[in-house]
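The values are calculated or read from the model by the stated rules, or taken from the named source; none is laboratory data. Owing to the predicted nature of the structure, the values given are computational and were not obtained by experimental measurement. Reconstructed Cβ throughout: ideal geometry from the backbone, glycine too, with neighbour counts over all protein chains shown. All accessible areas refer to the heavy atoms of the entire protein, side chains included, with ligands and DNA or RNA removed. Shrake-Rupley method; radii C 1.70, N 1.55, O 1.52, S 1.80 Å.
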Amino acid sequence: MSYISLKGVNKKYGKGVNEFYALKDINLEIEKGDMLCIMGASGSGKSTLLNIIGTIAKPTDGTYQLNEEDVLKMSGRKIANLRNNVFGFVVQNFALIDNYTIKQNIEIPLIYASIPLKKRNTRINELLKLLEIEEQRDKLPCELSGGQCQRVAIARALANNPEIILADEPTGALDKKTGEIIIDLFDKLNKSGITIIIVTHNEEIAKRCNRVIHIEDGKFSM
Amino acid sequence: MSSIINNIRYAFVGIWKNRMLSLLLILQLIVCFVFFVQFINLYNEINERSNVVLRQYDTNGIYFLKCQQEEIKDRLKDKSFEELEKIETGIKSFINNSKSFSILVCKNDIFSMPLNNKMQNLNLNSQNVIIKDSNEKIVNLNVLDVPSYTINMTYLDRFGLNIKKGRNFDIKEFDLNSFTEVIPIIVGSNWEKYYDVGDVISIYNVIKGENVFRKIVGILEKDAKLFLHSYYTQDYIEDINNIIILPQLDTTEYMNKYEEYITQLNISYDKNALKIEEIVNLFNVLIVSQNNATKDEIYEEFNKELETLKLNTIDLETIEDRFIVEKESTQRLMQQNQFVFILLFIFSFIGITITFIVCTNMRLKEYAIHILNGSTKKDIYIRIFWELFIINIISIIFAIAYINVELYSQYVNIPQSENFIYFAPRYMMPSLLLNIGIIVMVIISSVIPIIKLKNTDISNILKGDD
Ligand SMILES: Nc1ncnc2c1ncn2[C@@H]1O[C@H](COP(=O)(O)OP(=O)(O)OP(=O)(O)O)[C@@H](O)[C@H]1O
Ligand SMILES: [Mg+2]
């Protein structure tokens, strides 16, 4: 049995005339330590798939197993714990709280993991340094550039040393060089055994992954 | 356990990060609470205020003259001025010479004090007046409106005054004819900072329109009591410690001065009507039985006299009776205002609900991000309740503080220790009821955002931002 296993997953939006299938009968197996790349045109369902894996969207039908456990049958608390320390999610539009400072944004997963104050601060400083945003620590997201916001989102995703990183276009707002630094970082994390799933339009990134899947109108294509 | 702590933690963070909206909610809740408590208190007050007065003073043998003003006026309206004057002197001499009762006076008077530099921080109204000084020179004075009360000998006999420093009024000081020195006054304890016993100060008599000299002979104890016979007058004393008390002098002299004053103002007035007014006012007093005279005896004596003057009979009313009458009229007033009260209350309720819904909707993205990072939807609902609970507590603390200050300033006439015991039980019911109300309100106003949060994929809320 694979680490992550989706079987017969459908995602339907709307009702009646507006009914629309964003994902159609998706079957996907991901092994531990994979570095998977999801590619496809805009609107093809990449984000939808990633959101289902990251448990922030529910499939209309189908099964989803993680580590041989049925995720769709887990309690809310258990799923929340998965989001807190198993998944590190970089959402497409960063998802930062506007009136929290950068530090406070990065701190959220650490607080839910009940990490004591001192350790929290050390970890935050580590992450800020790793992503070269130390200077932005006490600023608000609106005072940052798109690329800096993206790095904050990545820092937050890495906070609790997740087993799986879900990254929705993590380099979309970055220049080539910074983008490469991030991919190098992901590469390094992947080498240390972390599973990485990246949604991207970037062929360069796709080349660095050990698996690439293409989506077209909610279905895998070759 | 840790999830409870995190919820409380983020409830506080949420309140602080959205402090403008929280402040708005707190203000609305304070208004709501104050409305509610005052509404309930007004009802309680009606029942309890009379008890306070009755509990603190021995009102045995004190009666109101229950006169039908309109009837008396009707009876007198065709009389000539001379006849009216005769009636007036008749009633006065009867009242002054009666063996079975005497008149109790403790009435509000109009006086101001010239403001000196030291008095800036006295919490009274000041105004500018122009007067003529002893050399007929016009001077501009900045004066303070001082709550002044005039008492008579009967008042002093019956209730006394709690003097801290100096002395009480003396018998001869109530008789202008046998008294040649500067007229004495007794002042509230706040004046001690500015004056001492023995000081002669100038006060400005608004009615007479002149500046007169008075000598301070005594200073009242702090929060000294004053027996005010009307159910309502309790409200009018803003601070007993700022008052000045004067002995009542001959009323004829006073009235003549009043007429003089009106003539001076060049207001055309009906001489007869004024006299009738004065006669009616003679009945508008409290009387105290003397020499163990019973109510019936006083009644008979009084009405025999009125018969000889060809006036209607007058009833005697105990203080208790008077309170019941006044209570009923307040109650009637309350019932008329009840509707407005309820309307205001409902409006502030609606305001709170709308603010709350707007607030939660604005923060859906924040909640979604928390869920993305390890919180559950249930945690968020609980957090919303925590936030409202904290805001509710803050509002109630402020509202109670406000109401306390207001009540204390209303009831300065009652010692504060007693005040607390007296008012504490009143808070129980309103607080309890209001809290139930707020819980219901929270549940109602939480429904919309919670349903929204429940039925939406977090990913959709996160996406909706761009
Ligand atoms: N809440 C929704 N209601 C209705 N349709 C939706 C909803 N969310 C997504 N869709 C539809 O589902 C399809 C897939 O959306 P998705 O966001 O997964 O695309 P994507 O592949 O990530 O595109 P992009 O590269 O632009 O991010 C789109 O056609 C979109 O219109
Ligand atoms: Mg997408």
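Please name all residue pairs, on different chains or six or more residues apart, with Cβ atoms under 9 Å, provided the first residue is in segment B:332-351 and is among the β-branched types (Val, Ile, Thr) and the second residue is in a helix (DSSP H, G or I).
Short answer, once both residue conditions are applied: B:ILE342/B:PHE39.
Can you find even one residue in segment A:51-60 that is over 13 Å from the mean Cα position of the chain (by Cα), more than 10 Å from chain B (Cβ to nearest Cβ) and not in a loop (DSSP other than H, G, I, E, B)?
So far as segment A:51-60 goes, no, none of its residues is over 13 Å from the mean Cα position of the chain (by Cα), more than 10 Å from chain B (Cβ to nearest Cβ) and not in a loop (DSSP other than H, G, I, E, B).
Yes/no per residue for (1) modelled with pLDDT of 95 or more; (2) more than 16 Å from ligand 1 (Cβ to nearest atom); (3) open to solvent by less than 40 Å² (accessible area, probe 1.4 Å); (4) at negative phi:
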residue: A:ARG123; (1), (2), (3), (4): yes, yes, no, yes
residue: A:ILE133; (1), (2), (3), (4): no, yes, yes, yes
residue: A:GLN136; (1), (2), (3), (4): no, yes, yes, yes
residue: A:ALA153; (1), (2), (3), (4): no, no, yes, yes
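With (1) modelled with pLDDT under 90; (2) within 8 Å of ligand 1 (Cβ to nearest atom) as the list, and A:SER2 as the residue in question, which single condition is left unmet?
(2)
Check segment A:87-103 and report whether any residue there is away from chain B (no Cβ under 13 Å), of a type in the set (A, V, I, L, M, F, W, C) and either within 14 Å of ligand 2 (Cβ to nearest atom) or surrounded by 20 or more Cβ atoms within 10 Å (Cβ to Cβ) (or both).
Looking through segment A:87-103, at least one residue is away from chain B (no Cβ under 13 Å), of a type in the set (A, V, I, L, M, F, W, C) and either within 14 Å of ligand 2 (Cβ to nearest atom) or surrounded by 20 or more Cβ atoms within 10 Å (Cβ to Cβ) (or both).
I'm checking my understanding of the structure. Among residues of segment B:1-17 that are over 17 Å from B:ASN373 (Cβ atoms) and either in a helix (DSSP H, G or I) or open to solvent by less than 40 Å² (accessible area, probe 1.4 Å) (or both), which one is nearest to the other protein chains (Cβ to nearest Cβ)?
B:TRP16
Taking the stated definitions as given, is A:ILE26 within 15 Å of the chain's Cα centre (by Cα) and more than 11 Å from ligand 2 (Cβ to nearest atom)?
No.
May I ask you to list pairs of residues, at least six apart or on different chains, whose Cβ atoms are under 9 Å apart, with the first in segment A:82-99 being part of a loop (DSSP other than H, G, I, E, B) and the second being within 16 Å of ligand 2 (Cβ to nearest atom) and aromatic (Phe, Trp, Tyr)?
As it stands, the answer is A:ALA95/A:PHE89, since those pairs meet every condition given.
Taking only pairs six or more apart or across chains, which ones have beta-carbon atoms under 7 Å, a first residue in segment A:128-139 that is assigned to a helix (DSSP H, G or I), and a second residue that is of a type in the set (Val, Ile, Thr)?
The qualifying pairs are A:GLN136/A:ILE102.
So, in segment A:158-194, exactly how many residues are within 14 Å of chain B (Cβ to nearest Cβ), touching a strand residue (DSSP E or B) at 6+ places or on another chain (Cβ under 6 Å), within 16 Å of ligand 1 (Cβ to nearest atom) and assigned to a loop (DSSP other than H, G, I, E, B)?
Matching residues across segment A:158-194 total 1.
Tell me which helices (runs of 4 or more DSSP H) are completely within segment B:274-390 and hold 2 or more residues being open to solvent by 80 Å² or more (accessible area, probe 1.4 Å), or say none if there are none.
B:295-308, B:319-362
Of the conditions (1) open to solvent by 50 Å² or more (accessible area, probe 1.4 Å); (2) more than 13 Å from ligand 1 (Cβ to nearest atom); (3) more than 8 Å from every other protein chain (Cβ to nearest Cβ), A:ASP70 clears all except one; give me its number.
Result: A:ASP70 passes all but (1).
Considering only strands (runs of 3 or more DSSP E) fully contained in segment B:44-141, which possess at least 1 residues that are over 20 Å from B:THR308 (Cβ atoms), at pLDDT 80 or above and in contact with a His (Cβ under 6 Å, 6 or more places away or on another chain)?
none
From the residues in segment A:30-48 that are open to solvent by 70 Å² or more (accessible area, probe 1.4 Å) and more than 14 Å from chain B (Cβ to nearest Cβ), which one is farthest from ligand 1 (Cβ to nearest atom)?
So, considering only residues that are open to solvent by 70 Å² or more (accessible area, probe 1.4 Å) and more than 14 Å from chain B (Cβ to nearest Cβ), the one farthest from ligand 1 (Cβ to nearest atom) is A:LYS32.
Quick check on A:ASP217: is it of a type in the set (D, E, K, R) and in contact with a helix residue (DSSP H, G or I) (Cβ under 8 Å, 6 or more places away or on another chain)?
In short, no.
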